[in-house]
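Have a look at the structure below before the remarks.
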Amino acid sequence: MKLYLGTRKGLIEAESTPDGGWRLGRASFLGVHVPMLLPDARDGTLYAVLEHGHFGTKLQASRDGGATWEERASPAYPPKPEGATEVLCPMRQVPVPWNLEKIWSLETGGADQPGVLWCGTIPGGLFRSEDHGATWSLVESLWQHPKRAKWFGGGYDWPGIHSILVDPRDSQRVLLGISCGGVWETADGGASWECIGAGQQADYMPPELAGDPDVQDPHRIVRNGAQPDVVWMQHHSGIFRSGDAGKNWERLRTADPGDFGFAVAVHPADAATAWFVPGIKDELRVPVDGALSVMRTRDGGRSFTPAREGLPQEHAYHLAYRHGLAVAEDGRTLAFGTTTGSVWTSADGGESWQRLSAELPPVYCVRFG
Amino acid sequence: MPTVEFTANLARQTASAACEVSGDTVREALLAAFERQPQLQGYILDDQGALRTHVVVFLDGQTLRDRKKLSDPVSPNSEIFVMQALSGG
């Protein structure tokens, strides 16, 4: 098994060893920020997003597991029409740009759609490729949706799409997680979109607006292939679970040691099991009491148990960002990376952890391949 | 003919050889350079064709005035250097 780490200073690989451990390996794109990775299980292609500080965001693809790379097209916003009405950030009343600021998510289309990729970006555009990233099209139906004017940035200056969940039963059905714009659904492959998600609660809004689905900040949403109607959400204001594919959400208040965080992962075969990396809400973003833990629920969120074995329990300041936690297809192997440059792995479903390294650049994306 | 030269740091990422080009403005000169090295354009210009926020162009020793349309006039002996602005790195 391979573990791909997208870091502030390149793509760093790790490989599983016969004794059940992991060994760090090749580094690619040394010095370049790699915020997003996508191993495409359909054809074995590995995609890497490169974010050059000066020269913009680029997409690279490897057909040999990261040994050699070729540049693919980067999604680009089409020319802004003359006289187009500006969409203003509702919080700051400044125009939302028509430029790719950041690739925040990259996912494959369905198993029946070889070559189809979805790409979510900041400032809020969704792109689709039908040719393995050789060309991209902005999904105009979402970009032109009148409700986009309600979106605003969460953590970044502009809103963005960080989660793209294709329904394994029907590739035309796709869920998006948008910060801050809530949960969006298409049932027709992206021709039309609807903001869904009753039951979310945005504690950062005035009370009368806190339940508005358009203003929610779902830090990350995930589903598995076995029970795709169950969707887990690490929200800015807590942990939520949906049993009806994102239409309605229940806030889960029993989380110990806390319900703030960014990352969430769901067991690939058992949707009642999910993992979270909690921190102190909401501007502190460090482990509670300096003790790092990974919370697991195995009963659909009725209870959460923090795992601490192998994780530092004092003076810890680690933060796992929204794409920094992953579970492998076996449901037992997990890994998470932090903005402090540490990576931990687990071989027992997250009960105990081993540190792979404390010497890495900040880690933004963790993927098994 | 005007010459266009790119920061050596770009060569690690994409083909960015210096070249002699024709053109009456910086935009025309750069587009002529991009014709020879098509992938280069996205590294220098943003989606709307403006100079990227953290890229700077020197035209005969002066920084470019029109970063949006790149309309600064170019003379036959002009030297255009495309560099990092050091901000944004």
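A few notes on this one:
- Protection proxy ranking, peptides B:68-77, A:331-340, A:152-161, A:242-251, average beta carbon neighbours within 10 Å, highest first: A:331-340, A:152-161, A:242-251, B:68-77
- Highest-fluctuation residue, A:Pro95, A:Pro218, A:Pro81 considered, GNM on chain A with Cα pairs under 10 Å: A:Pro81
- Packing-based ranking, highest mean first, of A:29-41, B:3-15 given that Cβ atoms within 10 Å are counted: A:29-41, B:3-15
- Peptide A:55-65, shielding by other chains (average Cβ, 10 Å cutoff): 3
- Once you reduce the range B:19-41 and the range A:27-57 to the center of their Cα atoms, the two points are 27 Å from each other.
- The range A:304-347: C-alpha gyration tensor shape, a/c 1.5 cut-off, then a/b vs b/c: oblate
- FRET efficiency for the pair A:Asp19 and A:Ser171, taken as 1/(1 + (r/R0)^6) with r the Cβ-Cβ distance and R0 = 45 Å, rounds to 0.70.
- The range A:65-202: equivalent-ellipsoid semi-axes (sqrt of 5 x gyration tensor eigenvalues, Cα, Å): 24, 19, 14
- Listed residues A:Pro146, A:Pro97, A:Pro257, most fluctuating in chain A (Gaussian network, C-alpha, under 10 Å): A:Pro146
- Cα pair distances of the range B:3-84 binned at 5 Å [whole percent]: 3, 16, 31, 30, 16, 3, 0
- Model label sites at A:Ala358 and B:Arg12, defined 7 Å from Cα along the beta-carbon direction, differ in position by 2.8 nm.
- Think of it as helices only: each DSSP H run of n ≥ 4 in chain A is worth -39500 (n - 2.57), and spread over all residues that comes to 0 deg cm²/dmol at 222 nm.
- In chain A, the DSSP beta bridges split such that about 95 percent are antiparallel, to the nearest 5.
- Reach of A:Lys9 by Cα under 22 Å, taken over lysines that are not fewer than 8 positions away in the same chain: A:Lys58, A:Lys102
- Among beta bridges identified by DSSP and lying wholly in chain B, the antiparallel ones come to about 75 percent.
- Fully extended contour minus Cα-Cα distance, from A:Arg285 to A:Tyr317, at 0.36 nm per residue: 10.7 nm
- All Cα pairs of the protein assembly as shown, percent lying beyond 36 Å: 29 percent
- Taken about its Cα centre, the range A:86-361 carries a charge dipole of about 280 debye when Lys and Arg each add +1 at the Cβ and Asp and Glu each add -1 at the Cβ.
- When each of A:Lys147/B:Lys69; A:Lys80/B:Lys69; A:Lys150/B:Lys68 is checked by Cα-Cα distance, pairs over 20 Å: A:Lys147/B:Lys69; A:Lys150/B:Lys68
Since every read-out is calculated from the coordinates, none of them should be taken as a lab result. This one's a predicted model, so the numbers in the text were calculated from it and none came from an experiment. Positions of Cβ are backbone-derived with ideal geometry, glycine not excepted, and every protein chain shown enters the neighbour counts.
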